[in-house]
Structures are given as C-alpha cells and as structure tokens.
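A short worksheet on the structure shown next.
The values are calculated or read from the model by the stated rules, or taken from the named source; none is laboratory data. What you are looking at is a predicted structure, and each value in this text was computed from that prediction instead of being measured. FYI the Cβ positions are ideal-geometry reconstructions off the backbone, even for glycines, and counts take in every protein chain you see. We work out accessible area using only protein heavy atoms, side chains counted, and drop any ligands, DNA or RNA first. Shrake-Rupley method; radii C 1.70, N 1.55, O 1.52, S 1.80 Å.
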Amino acid sequence: MAVVSDDHAHERFCAEGLSLPASASPRVITGDEVRQHNGRGGENFWAVVDGYVVDATDMVNSHPGGLKKLLTTDAPGVGASGKAFGFSFTRGRNAHFPETGKSFHEGVQAFLNGRGEPFLPPVEVTFSSHGKVVILGQLQS
C-alpha cells in the first residue's frame, strides 16, 4: 500500500478505478493537449489526476508550491505510477490529506454520472483552502 501516513488519503478514494457508466461519454484528451495548457504566460493550467484531465488554473496562486510545484504533477517519477501523467491525490509520495482525496473521488463520480452531448459536461471540485479544479475529461490511454 502506498499511503504515506495516517493523515493522507486512503487508496480507496483513488478515482482511477471508478467504472464508466455505459451511457457516459467523457471527452478524451491527449497528453499533448494537456502539455499545451502549462500555465505559463497566463495560460490555463491543466494536469492529470488518476487519469482525469483537470483545469487547475484556479489553484496556481493558492497552492503552497505554486505553479512550479504544480508543473511537476505530470512528470514521470512524480506520480504514483512512475509514468508521465501518473499523479494521484491518494497514492504515492505526493498523496494528499484525506479530505482532498475524498473530494476529488466524489467529483469524478459526479462527472461520470453527468449527462451531456456529445461529451459529459465539466464538473467543478472545490478544495476548502486551495481553490478548485474542473474535471474536463479523461486522458487518452
């Protein structure tokens, strides 16, 4: 188990394993598109968490590590999987506090249960002290 300590989110909140309802059609986003939204020069900042692409622009100024720390989330070796785009709130050395992992898990569930054409609509997930992320779609595998 990769939980760092008791004050980190439990792996049961990992959103990567949530089932996609048959009626759900999330937008599929490439790694190249994620890299284009790197937060530099006033651009939006996108990241991947548990395989879901999020717009984390709102967190850039409120996250304790700022953009520099957030930019590392998509780098190989940083996330739980050791591969590019392997970041997780619930697994690996960068696991976050339980409420963060739980909030994101619930946000992904809401995203997957949404209804929209041709894709599921984005869903906002708010973190009490560090702003919000908007779930945009899934990373192309």
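The table that follows gives values for the structure above.
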read-out	value
Index of the failed condition, Asn61 passing every other in (1) at pLDDT 85 or above; (2) open to solvent by 80 Å² or more (accessible area, probe 1.4 Å)	(1)
Qualifying position, being touching a residue at least 24 places away in the same chain (Cβ under 8 Å) and open to solvent by 30 Å² or more (accessible area, probe 1.4 Å), among Asn44, Asn113	Asn113
Among (1) modelled with pLDDT under 80; (2) closer than 20 Å to Gly31 by Cβ; (3) open to solvent by 30 Å² or more (accessible area, probe 1.4 Å); (4) out of contact with any Pro (no Cβ under 8 Å at 6 or more places or on another chain), the one test that His96 misses	(2)
Among residues of region 131-141, those that are at pLDDT below 95, out of contact with any Phe, Trp or Tyr (no Cβ under 9 Å at 6 or more places or on another chain) and either within 19 Å of Asp74 (Cα to Cα) or exposed (fewer than 14 other Cβ atoms within 10 Å of the Cβ) (or both), counted	3
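Every residue, every condition in (1) within 13 Å of the chain's Cα centre (by Cα); (2) modelled with pLDDT of 75 or more; (3) open to solvent by less than 50 Å² (accessible area, probe 1.4 Å), yes or no:
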residue	(1), (2), (3)
Val3	no, no, yes
Cys14	yes, no, yes
Arg27	no, yes, no
Gly31	no, yes, yes
Val49	yes, yes, yes
Lys69	no, no, no
Gly77	no, no, yes
Gly82	no, yes, yes
